[in-house]
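Undergrad: Take a look at this one; I'll ask things after.
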Amino acid sequence: MFKYSLHAAVMAMAMLFTQAAMAQNAVPMPEQSAAMAASAPRDPALRPVFDQFSGKPGLVTLMDDFMVNLMADARTRPYFADTDREHIKLELVDQFCVILDGPCTYTGKDMERVHRNLGINRAAFNALVEDLQKAMDKNKVPFRAQNKLLAKLAPMHPVVITK
C-alpha cells in the first residue's frame, strides 16, 4: 500500500511542476524536434533506466502484462474492450522506449487526439496507473526505475483525463 502511495506522490509532484503537457506529433520527425513535441520527450539520462526495464524486449513483456491487467480491471476494461489492443501495446512499447532513450521512434497519434472523446476521468486514470505498477512489479522493474518512468508520464494527465 505504501509503495502505491509513493507512486501517487511522485506523480502528484510531477503534475504540480508541469505547466501543460504538449501533444505528441503523429508525423515522424527528426529525433530532436520529435522529442521537443512529445509530452514526455526522449531523456538521455534515462538510458540506464531503459536497461532496467530489460530493453525493448522487456517493454514488450511489460505491455503484454499491462494489457492483461487493464482488461481484468473493471475500472479500465471499458476503455480497451473494443480497441485494437495489439496496436495499442505496440504504440506504448515505442512511446516508453523513446521516453527511456531506447533505440525506438514513436510515430503514433498525439495524446490529446487519441483520448479526446474517451471520457476518461481521474479514477480511471489512477486505475490505469495502478495496473501499470502491477505489471512493472510482476516484471521486477526496480522501484526507482518505476518512479522515474512514472514521473515522465505524469505530465500527460491533462490530455488523457477528459471528463
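Bear in mind that the values in this text are calculations on the coordinates, not laboratory data. Remember, it's a predicted structure, so these values are computed and weren't measured experimentally. As a convention, Cβ positions derive from the backbone with ideal geometry for all residues, glycine included, and neighbour counts pool all protein chains shown.
Undergrad: State the extension gain, in nm to one decimal, for the chain segment bounded by THR107 and ARG75, taking 0.36 nm per residue of separation less the distance between their alpha-carbons.
TA: Using 0.36 nm per residue and subtracting the Cα-Cα distance, I get 8.7 nm.
Undergrad: Same structure again: For region 97-163, just say rounded, prolate or oblate: build the C-alpha gyration tensor, square-root its eigenvalues into a ≥ b ≥ c, call rounded for a/c under 1.5, and beyond that prolate if a/b exceeds b/c, oblate if not.
TA: oblate
Undergrad: Per-residue counts of other Cβ atoms within 10 Å, averaged by peptide: what ranking do you get for 58-64, 109-115, highest first?
TA: By packing density, highest mean first, the sequence is 58-64, 109-115.
Undergrad: In addition: What size of dipole, in debye to the nearest 20, comes out for region 63-163 about its Cα centre when the only charges are +1 on Lys and Arg C-beta atoms and -1 on Asp and Glu C-beta atoms?
TA: That gives region 63-163 a dipole magnitude of about 360 debye.
Undergrad: Quick check: pseudo-label points 7 Å beyond the Cα along Cα→Cβ at ARG85 and ASP137, how many nm apart are they?
TA: 2.1
Undergrad: Here's a follow-up. Using the Cα centre of region 56-128 as origin and beta-carbon charges of +1 (Lys, Arg) and -1 (Asp, Glu), tell me which of PHE66, ALA124, VAL114 is placed farthest towards the positive end of the dipole.
TA: ALA124
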